[in-house]
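Visitor: What follows is a structure written as structure tokens; I'll ask about it next.
The values are calculated or read from the model by the stated rules, or taken from the named source; none is laboratory data. Quick caveat: nothing in here was measured; it's all calculated off a predicted structure. FYI the Cβ positions are ideal-geometry reconstructions off the backbone, even for glycines, and counts take in every protein chain you see.
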Amino acid sequence: MSNIFILNLARFAILILIQVFLLQNVGYYNLSTPFLYILIILLLPIKIPHWLLFVSSFASGLIIDIFYDTLGLHATACTVMALARIVFISVTLQQEKYENNQTPSLGAMGFRWFFFYTATLTFFHHTVLFLFETFRFSDLLYTLLRTVSSSIFTIVLIFIYEYIFFHKKVR
Amino acid sequence: MRNLWLFISKYNAFFLFCLFFITSLTLLLNNNSYQRAWTSGVSGQFIGEVYERATFFKNYLHLEEVNTSLAQENARLKNELKSSFLIDSAEKHIVRDSIRKQQYIYIVARVVNNSIHQQNNYLIINRGSKHGIRKGMGVTGPDGIVGIVRDVTENFARVQSVLHSESRFSASVDGGIGSLVWDEGSLNSKIAILKDIPSHVKVKPNDPVTTSGYSLFPIGIQIGHVKRVGLKGGNSFLDIEVVLSTDFSSLQYVYVINNVLAREQQAIESQTQTP
């Protein structure tokens with residue numbers, strides 16, 4: 001239990017550092033910007049209590065907000081994403097089958113499930129994020145374009161990350 | 001209470017979501033200038049519209065009070081108007097008729113009520129016994145005679161206008177003297193009939209008709225002019241239609257003529273009549 005806690009905390013720290021110091025400067029103009037840090041929320045254990053899930057989502061969003069100087073924006077997106085995660089997991093998985101500290105990682109869940117899981121949640125997160133960032137519906141098409149292209153970027157990065165650590169873990 | 005707690009714990013994800021979502025949204029809207037500006041702009045406009053509508057309906061509910069207060073304010077303002085003050089110093093100017101040694105006193109009065117469309121028309125003027133007006137005095141306007149004072153109260157007087165079925169005025173035209181009556185059948189406020197002019201008097205249209213000086217009025221006050229001269233069949237008197245010079249419909253100021261010698265004149269007239 002403490003093991004999985006430390007593991008998640010370490011992932012939390014690493015991903016936020018990557019997001020803030022590396023990915024903040026990466027992007028295809030304003031059109032496509034990656035948000036790898038949502039992997040923190042994606043890789044939390046399946047059986048995590050709801051309150052802890054919301055608190056950690058909110059906290060990670062808030063920390064990113066502090067660095068991005070958009071207080072509340074990422075927190076909102078992460079909260080929505082946490083709800084989407086709860087709904088997605090309850091719809092697609094039978095939670096009783098899994099161990100207490102089971103992580104929904106690529107290696108454990110298989111490519112297909114993990115891809116849909118990542119794609120759905122990333123899309124939710126990015127939609128909320130960009131909608132609340134522009135905060136109007138007049139540029140809806142541009143916002144949608146940003147959402148889709150950024151989602152693709154994020155998902156690619158998530159898979160790269162997963163492949164790197166997936167092999168490591170198996171070993 | 002237990003059921004409520006069960007309900008909340010069953011859907012805890014949703015309630016937690018609401019809690020965190022509202023928190024983060026509050027943070028977002030309070031700390032980012034663009035979103036805050038948008039929110040305050042939109043909500044300000046929305047709230048403004050809501051309040052405008054609410055006020056619109058609220059105004060209906062308060063309409064009676066508003067009306068009352070407006071009426072009170074109107075009354076107050078009208079009280080301050082110059083015209084609502086009673087001008088107590090009745091203006092009099094005295095005309096001395098040096099030939100006949102007769103004295104006429106003119107009192108200016110304002111018409112406060114007027115009728116022209118009845119069979120018997122009256123005017124109310126804002127001068128009464130307080131200002132020296134008595135029953136039976138003659139009244140003229142700026143353009144000619146108006147009528148006779150019939151009733152007098154302290155501050156007001158009722159004037160029987162020329163346009164009255166019982167009004168009779170002594171009038172002269174081209175030297176002939178007759179009596180002027182109103183053709184009450186026509187109900188025309190412009191036309192009167194001059195009767196009892198002998199048929200030997202040559203009367204032409206547009207000849208001026210004036211007071212004869214026999215009655216309440218001084219001699220020579222304008223009445224009107226001849227419009228048409230007719231001869232009644234088998235009668236030795238002319239029947240003359242007279243256009244009155246006074247426009248009764250727009251009468252505003254009149255002069256009450258106080259004939260100082262009227263009483264003496266009436267006294268001797270009544271002596272003659274009684275055998």
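Visitor: Being surrounded by fewer than 22 Cβ atoms within 10 Å (Cβ to Cβ), in contact with a His (Cβ under 6 Å, 6 or more places away or on another chain) and either at pLDDT below 85 or assigned by TED's automatic domain parsing to the domain that holds B:Asn126 (or both) is the requirement here; does B:Asn206 meet it?
Guide: Here the answer is yes, as B:Asn206 does meet what is asked.
Condition check ((1) without any contact (Cβ under 8 Å) to a residue 40 or more places away in the chain; (2) of a type in the set (Asp, Glu)) across all residues:
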| residue | (1), (2) |
| --- | --- |
| B:Gly144 | no, no |
| B:Phe169 | no, no |
| B:Asp174 | yes, yes |
| B:Trp182 | yes, no |
| B:Ile193 | no, no |
| B:Ser199 | yes, no |
| B:Val203 | yes, no |
| B:Ser212 | no, no |
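Visitor: Taking the criterion of being part of a loop (DSSP other than H, G, I, E, B), charged (D, E, K, R) and at pLDDT below 90, would at least one residue in segment A:87-100 satisfy it?
Guide: yes
Visitor: For segment A:60-77, enumerate the residues that are assigned to a helix (DSSP H, G or I), at the interface with chain B (Cβ under 10 Å from one of its Cβ atoms) and among the aliphatic types (A, V, I, L, M). Spell out the reasoning first.
Guide: Going residue by residue through segment A:60-77, those that are assigned to a helix (DSSP H, G or I) are A:60-68, A:73-77.
Right, trim to at the interface with chain B (Cβ under 10 Å from one of its Cβ atoms) and you get A:61-62, A:65, A:73-77.
Scanning segment A:60-77 gives A:Leu62, A:Leu73, A:Ala75, A:Ala77.
Visitor: Next up: Yes or no: segment A:116-131 includes at least one residue that is over 28 Å from A:Thr70 (Cβ atoms) and either assigned to a helix (DSSP H, G or I) or at pLDDT below 90 (or both).
Guide: yes
Visitor: When you check A:Ala77 against the structure, is it in contact with a helix residue (DSSP H, G or I) (Cβ under 6 Å, 6 or more places away or on another chain) and under 30 Å from B:Ser33 (Cα atoms), yes or no?
Guide: Answer is yes for this residue.
Visitor: Let me ask something else. Of everything in segment B:1-34 that's farther than 25 Å from A:Ile63 by Cβ and outside any helix (DSSP H, G or I), which residue is farthest from the other protein chains (Cβ to nearest Cβ)?
Guide: Here the residue is B:Met1.
Visitor: Of everything in segment B:102-136 that's aliphatic (A, V, I, L, M) and within 15 Å of the chain's Cα centre (by Cα), which residue is surrounded by the fewest Cβ atoms within 10 Å (Cβ to Cβ)?
Guide: Checked segment B:102-136; the qualifying residue surrounded by the fewest Cβ atoms within 10 Å (Cβ to Cβ) is B:Val112.
Visitor: Kindly provide the set of residues from segment B:151-175 that are outside any loop (DSSP other than H, G, I, E, B) and surrounded by fewer than 16 Cβ atoms within 10 Å (Cβ to Cβ), ordered by number.
Guide: Once the filter is applied, which keeps residues that are outside any loop (DSSP other than H, G, I, E, B) and surrounded by fewer than 16 Cβ atoms within 10 Å (Cβ to Cβ), segment B:151-175 yields only B:Asp151.
Visitor: Please go through (1) more than 19 Å from A:Leu52 (Cβ to Cβ); (2) outside any helix (DSSP H, G or I); (3) away from chain B (no Cβ under 13 Å) for A:Glu162 and return the number of the only condition it doesn't satisfy.
Guide: (2)
Visitor: Which number in (1) among the aromatic types (Phe, Trp, Tyr); (2) closer than 25 Å to A:Ser2 by Cβ; (3) at pLDDT below 90 marks the one condition that A:Tyr28 misses?
Guide: For A:Tyr28, the failing item is (2).
Residues are listed down the side, and each one gets a yes or a no for (1) under 23 Å from B:Ser115 (Cβ atoms); (2) in contact with a Leu (Cβ under 9 Å, 6 or more places away or on another chain); (3) modelled with pLDDT of 80 or more; (4) surrounded by 15 or more Cβ atoms within 10 Å (Cβ to Cβ):
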| residue | (1), (2), (3), (4) |
| --- | --- |
| B:Gly178 | no, yes, yes, yes |
| B:Lys190 | yes, yes, yes, yes |
| B:Ile197 | no, yes, yes, yes |
| B:Lys202 | no, no, yes, no |
| B:Thr210 | no, no, yes, yes |
| B:Gly213 | no, no, no, yes |
| B:Ile223 | yes, yes, yes, yes |
| B:Arg228 | no, no, yes, no |
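Visitor: So A:Leu83 passes all but one of these: (1) touching a His at 6+ places or on another chain (Cβ under 9 Å); (2) within 14 Å of chain B (Cβ to nearest Cβ). Which condition number does it fail?
Guide: Checking A:Leu83 against (1) touching a His at 6+ places or on another chain (Cβ under 9 Å); (2) within 14 Å of chain B (Cβ to nearest Cβ), the one that fails is (1).
Visitor: What single numbered condition from (1) within 17 Å of the chain's Cα centre (by Cα); (2) without any contact (Cβ under 8 Å) to a residue 40 or more places away in the chain; (3) within 11 Å of chain B (Cβ to nearest Cβ) fails to hold for A:Leu17?
Guide: (3)
Visitor: Could you tell me which residue of segment A:29-59 is surrounded by the most Cβ atoms within 10 Å (Cβ to Cβ), considering only residues that are within 12 Å of chain B (Cβ to nearest Cβ) and of a type in the set (S, T, N, Q)? Before the answer, list the steps.
Guide: To start, the set of residues in segment A:29-59 that are within 12 Å of chain B (Cβ to nearest Cβ) comprises A:48-59.
From the residues that got through so far, the ones that are of a type in the set (S, T, N, Q) too are A:56-57.
Working: A:Ser56: 19, A:Ser57: 28.
Taking the candidates together, the pick is A:Ser57.
Visitor: Could you tell me how many of the residues in segment B:159-173 are touching an Asp or Glu at 6+ places or on another chain (Cβ under 7 Å) and closer than 14 Å to B:Gly224 by Cβ? Give the steps one after another, and end with the answer.
Guide: So in segment B:159-173, the residues touching an Asp or Glu at 6+ places or on another chain (Cβ under 7 Å) come out as B:165, B:173.
Restricting the remaining residues to those that are closer than 14 Å to B:Gly224 by Cβ gives B:173.
Summing the residues that are touching an Asp or Glu at 6+ places or on another chain (Cβ under 7 Å) and closer than 14 Å to B:Gly224 by Cβ in segment B:159-173 gives 1.
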